[in-house]
Amino acid sequence: MHLSTRILVCSIGALSLAACRPSSEPEQEKKSTPASAAAPGKPSPVSEIAAATGLAAKDARAEVVLLLQDTRIPLQEFQRNGLAMLVSRQAGYKLTTHDAAGAASQQAAQFRQAIDSKPAAIFVSPIDPPALAALIVEATTAGITVIGLDKRMLNEGCATIVFSDQRRVGRLAAEAALEALKRKAAEEKRTEVTGRVIQIRGVEDSPLTNDLATGFNEALNAQPGVIQVHDAFADWKPENATLRTAEAFQLQKQFDVIFAHNDALAVAAAKAASDAGQRENIFVIGTDGIPGQKKGMELVRLGQLDATIVQPALVDLALQIVLRLRTDKNFKPLPAYEVEPVAVTPKNVEKSLRTGTYKLPKL
């Protein structure tokens, strides 16, 4: 079942964030760098905007602050780097990022620091949305645009939220697995679709991990002959994914599908399948679909993964909203914008690399 299709690499054209991967280090205040540490900017047409958002009088740049859950997760790192590149292309803007390293208390403290720097906007990928509610109200009262990057923030007072449904991501992964198992049954001239599945999750008690697993399991259960026989947590560490998958092979010798909660975990799980001499018989699915060398899209193109579910970056649309708000007084964002994930397999990877994957909703 292993897919060995080799397709020529193309540029990432229409994928709004992935099309613009940074080739050099952009102007960025990393992690917890305070805005006051930036060098004074020269006078520019955005000086009035900067003053209106409370930036220092000598710094004409409008600041965007990105609060991330944990950049050990590849998608979060991709959001940081991608937004840094996009912000660097906007004259007069700068970016500050904060990494909470998985700690809700640290993220709350970083949100407080962000408010104190009086930025134009705060984008937040939350660990515990209710814990940020009062800070969101305070920021909004201070004229700061707060955009949530999670469906759970819908009722927390943000100007708007931009999200991708993680249950939908899980369902797409299950649908890809079931299609592969149907093909296998047809090849073997079987009328019943059957399969044995390994799931390698991120971390325990994580809303992201729970939603991915829920969506995957719901769709998988629609095919009674397909059963999940091993389910383990890898703490987002590839080496753990290899160990957990190797343990599954020690208990049972044959599997048909491995679903891992990101592409890095999927590749690590595939290694264990290879070590067990089973890789050619197993359909391996990851999520994120990050473009670039040794990332999800290329891994599918090379046949190292059999499918990936592209996770929209979200920060690209969030930045578009801020720019529109600051240039169009009549613009009022919707309460929420959903960006649909997309399944990429060898059948559509060439087109995806050439024209992009997900589409952003119109503002």
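The values are calculated or read from the model by the stated rules, or taken from the named source; none is laboratory data. Since the model is a prediction, treat every value here as computed from it, not as a measurement. Positions of Cβ are backbone-derived with ideal geometry, glycine not excepted, and every protein chain shown enters the neighbour counts.
Observations
- When V46 is tested against (1) modelled with pLDDT of 50 or more; (2) more than 29 Å from P129 (Cβ to Cβ); (3) not basic (K, R), only condition (1) is not met.
Yes/no per residue for (1) buried (at least 20 other Cβ atoms within 10 Å of the Cβ); (2) farther than 16 Å from E175 by Cβ; (3) free of Cβ contacts under 8 Å to residues at least 12 places away in the same chain; (4) of a type outside the set (K, R):
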position: P207; (1), (2), (3), (4): no, yes, no, yes
position: Q250; (1), (2), (3), (4): no, yes, yes, yes
position: A270; (1), (2), (3), (4): yes, yes, no, yes
position: Q278; (1), (2), (3), (4): no, yes, no, yes
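- Residue among V310, V315 that alone is within 24 Å of K182 (Cβ to Cβ), touching a Phe, Trp or Tyr at 6+ places or on another chain (Cβ under 7 Å) and either among the hydroxyl-bearing types (S, T, Y) or crowded, with 24+ Cβ neighbours inside 10 Å (or both): V310
- Leading residue by the ranking (farthest from the chain's Cα centre (by Cα)) among those in the range 188-228 that are in a helix (DSSP H, G or I) and of a type in the set (G, A, S): A219
- Filter result (acidic (D, E) and outside any loop (DSSP other than H, G, I, E, B)) within the range 307-339: D316, E338
- Number of positions in the range 248-280 that are in contact with a Phe, Trp or Tyr (Cβ under 8 Å, 6 or more places away or on another chain) and among the polar types (S, T, N, Q): 2
- The criterion of at least 3 residues that are of a type in the set (A, V, I, L, M, F, W, C) and closer than 27 Å to N348 by Cβ is met by the following helices (runs of 4 or more DSSP H) wholly inside the range 229-301: 263-275, 296-301.
- Note on the range 153-182: among residues that are charged (D, E, K, R) and modelled with pLDDT of 95 or more, the one that is nearest to T214 (Cα to Cα) is R167.
- Any hit, the range 59-77, residues being out of contact with any Ser or Thr (no Cβ under 8 Å at 6 or more places or on another chain), at pLDDT 95 or above and crowded, with 24+ Cβ neighbours inside 10 Å: no
- Count - residues of the range 149-162 that are out of contact with any Pro (no Cβ under 7 Å at 6 or more places or on another chain) and either surrounded by 22 or more Cβ atoms within 10 Å (Cβ to Cβ) or more than 20 Å from F331 (Cα to Cα) (or both): 6
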